[in-house]
Amino acid sequence: MKFILRAPARQLFRFPTVRPGLQCPAFRAFASSAINGQTFAEKYAEKLKKVAEREGVKSIDDLLAQKRAAAAAAAKAAAASSKPASSPSVSPSTSSPTSHQSSAAAAPAPKRTGLPSHVRTLDKIVDLDLMSALPGTEIAKIWNTHHSQRSCLSGTMTGEFYDKFMQRARAFPMFVVPLPRQQGYEFFVLQISGHQVFFTSLLEYKTHAENARPHLVVTHYSEFKDDKDLVLMLGEITTTENASGSPVMTLLEAQNLVYQMQMFYVTGAPHKRILVDNFHTKPAELDYQALIDAVETLG
């Protein structure tokens, strides 16, 4: 299954930055804020009603209550299963925990997203309760439609596709890909960390190493992977540090990099995917021309 990439048809608008370097504003369009004068619940009321009828509840509110109760029960069960069978003995000299410590220990652990703490989690972007009530096809459509109005990339993929990608990513977390430019090709270092992929100019990477700023950051959200067979993708383009704050690459260039990631790791022919393997097993034999030849032919 290939990525379904969506880039805006109009690329002449600009939006404020989320944080220094990344362009694509934070949003919660599927929660309390309005989309074109309508909230998410209003816009998709008919679809939500059909889901409610299918699950045997009377209203959308009842549907959401059911979803929240199920989520709470799952969290409680997960917390119970992670409890140790017996508590360790405490020596007489050891002071008993304070009430603050007890309450902290009793609090359920936050759901793991596989993302660093500074990255927006999916529940900060969408209303998970409302979205989870919809079929995966509708979630994908809403995700891509909304981002088509933003200066960033969006995409969706099946859980099986993402599993294949992650299996390769864990074995080969770094690669080099060529990006066509006006004066030839510029090479980018592709680094995979958790559910994120960072694309950094090879020249900048060689100059600044770990301090080099990525040109493109791709984040995958897997919250719907198990029950909807759906993984959401968001690609954010870095902006310059000067007053203009213009993006360091076009949307088409960013899309090209994501396509190459897909091709070299999952969908490409064996002679293309083997280049990733060789990069790790025989790095001294890296053939830049072979990479260029690989991206100039499809498949």
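Each reported figure results from applying straightforward, stated rules to the coordinates on display, with no laboratory input. Not measured: the values here are computed from a predicted model. Reconstructed Cβ throughout: ideal geometry from the backbone, glycine too, with neighbour counts over all protein chains shown.
Taking all Cα-Cα distances within the range 184-271, those exceeding 20 Å account for 42%. Annotation for Q167 and T281: the two label points, set 7 Å from Cα along the Cα-Cβ direction, are 1.7 nm apart. Stretching the chain fully between E138 and H271 yields a gain of 44.3 nm (0.36 nm per residue, less the alpha carbon separation).
Label sites at Q182 and A209, each approximated as a point 7 angstrom past Cα along Cα to Cβ, lie 3.4 nm apart. Extending 7 Å from Cα along the Cβ direction at H118 and again at S59 yields two label points whose distance is 4.4 nm.
On full extension of the chain, what length is gained from T145 through E160, given 0.36 nm per residue of separation minus the C-alpha to C-alpha distance?
Taking 0.36 nm per residue and subtracting the Cα distance, the gain is 3.1 nm.
Legend: residue pairs K49/K164; K141/K164; K49/K228; K164/K272, Cα-Cα distance threshold 27 Å; pairs beyond threshold, K49/K164.
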